[in-house]
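Readers should treat all values here as calculations from the given coordinates under stated rules, not as data from a laboratory. Remember, predicted model here, so these are calculated numbers, not experimental data. When we count neighbours, we look across all protein chains shown, and the Cβ atoms used for this are built from the backbone with ideal geometry, even at glycine.
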Amino acid sequence: MTHHAVPLPPGYRVADVLAFHARDAEGVAEQVTPAGFRKGVLVDGVPVLFEVAFSADAAHCTLAADGALPAAAAAALPGMLALHIDPAPFAAAVRADPWFGPLVARTPGLRIVQSASVFEALTWAIIGQQINVAFAIALRRTLILQAGRQHSSGIWCYPEAADVAALAIDALTARKFSRAKAETILRLARLVATGELSLEDDAPVADIATRLLAVKGIGPWTVNYALLRGYGYADCSLHGDVAVRSALQRLLDEDVKPDIARTELLLARYAPYRTMAAAYLWRSLGPY
């Protein structure tokens, strides 16, 4: 067991971080209290419980493993606490912007919470393709219960690629996964588990995107979402996201959503901060 006190910046929005980790009301792999959260993750094959308690200026984190604690475990904390992307440069850049200036003024300091691993972010993106959030959360819960493992505390741990790769396809299709979605998740897991696909995060973004796009079933939206939630990349263009387009329609006060090509052009003016632009567009529709 190890303990970490992570300093928090001024204006840190604890409620936003708790809301993200509370998406699954059944609390299978994440459990939230008013003061913090617990999350179970498999790290190098070891079940690890992350417990976070917030104070006024710090996140007090305890990591408890069922076995030797992997050295890589603590690296997940900054992303889970939404500390990878500093929102201040985007806020400064759009202070006078007629669209985003008011959004930032209403919700200053909005941050991007990340998944505990790139693989978790990718599988969540695949699961969420073209379905509503409630159904996506239910499918994610199924994946955890089918491929994950329980920590000794009782919380379930999000699986790693090798755990998912070991599943038979009917373990998913018999539980409401479409065949295409199940095939894509298993294909990804097997490529990662065998080492044919590297998810290393120190490669150039273009190389990461190229590798991911080569996987059948993974398209540009999934790649950009994975770059956002998995890698903490600050300039993801979510022009293919329906919610982003809906938010832009509202922001522009137009009768129809802008198409994908126009959305890409509209977001391009906010490079290199397009991840924060997406976050504010999502937030303008409600908590995300």
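Some observations on this one:
- Over the chain, DSSP H runs of length four or greater, each weighted -39,500 (n - 2.57), average out per residue to a 222 nm ellipticity of -12000 deg cm²/dmol.
- Potential lengthening between Asp24 and Ala56 on full extension [0.36 nm per residue; Cα-Cα distance subtracted]: 8.9 nm
- Tensor-based shape of segment 105-147 (alpha-carbon gyration tensor, a/c under 1.5 rounded, otherwise prolate or oblate): prolate
- Estimated translational diffusion coefficient (Stokes-Einstein, Kirkwood radius over Cα pairs, 37 °C, 0.692 mPa s) of segment 118-231: 230 µm² per second.
- 3J(HN,Hα) couplings calculated from phi for segment 57-70 with the Karplus curve 6.51 cos²θ - 1.76 cosθ + 1.60 (θ = phi - 60°) are, in sequence order, 9, 8, 9, 9, 10, 10, 10, 10, 10, 8, x, 5, 6, x Hz; Gly and Pro show x.
- Spin-label model distance (nm) - Leu145 vs Leu265, 7 Å beyond Cα toward Cβ: 4.8
- Segment 40-47 - phi-based ³J(HN,Hα) in whole Hz, Karplus 6.51/-1.76/1.60, Gly and Pro as x: x, 9, 7, 10, 6, x, 10, x
- Extension gain (nm, one decimal) between Ala5 and Ala166, 0.36 nm per residue minus Cα-Cα: 54.3 nm
- Gyration tensor verdict on segment 168-272 (Cα atoms; rounded if a/c is under 1.5, prolate if a/b is larger than b/c, oblate otherwise): oblate
- Qualifying aspartates and glutamates (Cα of each under 16 Å from Cα of Lys216; at least 8 residues distant if same chain): Glu183, Glu196
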